[in-house]
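Since the structure comes first, as structure tokens, the remarks are kept for the end.
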Amino acid sequence: MAKEDDLVITELEEYRAIKEFAVNNIMFNVALKGALSEIRIMRYLKEQGVNIKKSEASDTKGSPDFIIDDKYLMEHKRASKKSTGLNLKVEFQKSRKSGSCPSNRLYNKDFCHLVSVDVSEYTKVQNDYRFIVSDQLTENEKYLSKIKSMQKINNKNWYSGLSGLERALATISAQQAHLTADNHKK
């Protein structure tokens, strides 16, 4: 009979067991990889001096994943398994359907300020991220207030790395300043 001490497993053994379990459970594997990607981007950006925090409502209420500088909402995704070579794509839709209308899985165009995508799995470069201002994402052809579910990453509107994040934030800030100026003119 096994002793109680023999039944205790270390954190490392638990992590290995989780990874083994994920191999045979597709949805768990997707969730695990997504969570690890969120942990990595948050750690990376904090190390670079970015004021980033996890949104408390992202997992429970479907809000964007992160808040940057206490004002910019950022949704984080991983590049899609439909990516091939340098033809990178991101699936930008909710994981659960809500209601009977297919548009309920799609994000509204104003859901967040920017989107980050982890492309490391495909480029084999650690901490390789792309950023885009959300109003630059392609809209859904049928539901014009929604974002198209599959987005190509390699176009001129996407920025790379920390400098890309800074450029995206500067673009958002300029857009907000322009809107404020327009509102004062009215």
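Scan the stretch 104-121 for residues that are under 16 Å from Q151 (Cα atoms), of a type in the set (S, T, Y) and not in a strand (DSSP E or B) and the total you get is 1. Under the condition of being among the basic types (K, R) and under 17 Å from the mean Cα position of the chain (by Cα), the residues counted in the stretch 149-174 number 1. The lone criterion from (1) at pLDDT 90 or above; (2) assigned to a helix (DSSP H, G or I) left unmet by F131 is number (2).
Could you go through the stretch 69-76 and let me know if any residue there is among the aliphatic types (A, V, I, L, M) and at pLDDT below 85.
No: zero hits.
Could you list, in sequence order, all residues of the stretch 135-159 that are surrounded by fewer than 16 Cβ atoms within 10 Å (Cβ to Cβ) and among the small types (G, A, S)? Of everything in the stretch 135-159, just one residue is surrounded by fewer than 16 Cβ atoms within 10 Å (Cβ to Cβ) and among the small types (G, A, S), namely S145. Give me the residue from the stretch 17-68 that is basic (K, R), surrounded by fewer than 16 Cβ atoms within 10 Å (Cβ to Cβ) and within 17 Å of the chain's Cα centre (by Cα) and, out of that set, modelled with the lowest pLDDT. Going through the qualifying residues, I end up with K61. Can you confirm whether A174 is at pLDDT 85 or above, in contact with a Leu (Cβ under 8 Å, 6 or more places away or on another chain) and in a helix (DSSP H, G or I)? So A174 fails the test.
The values are calculated or read from the model by the stated rules, or taken from the named source; none is laboratory data. Worth saying up front: this structure is predicted, and the values here are computed from it rather than measured. Cβ coordinates were reconstructed from backbone atoms using ideal geometry, including for glycine residues, and neighbour counts include every protein chain displayed.
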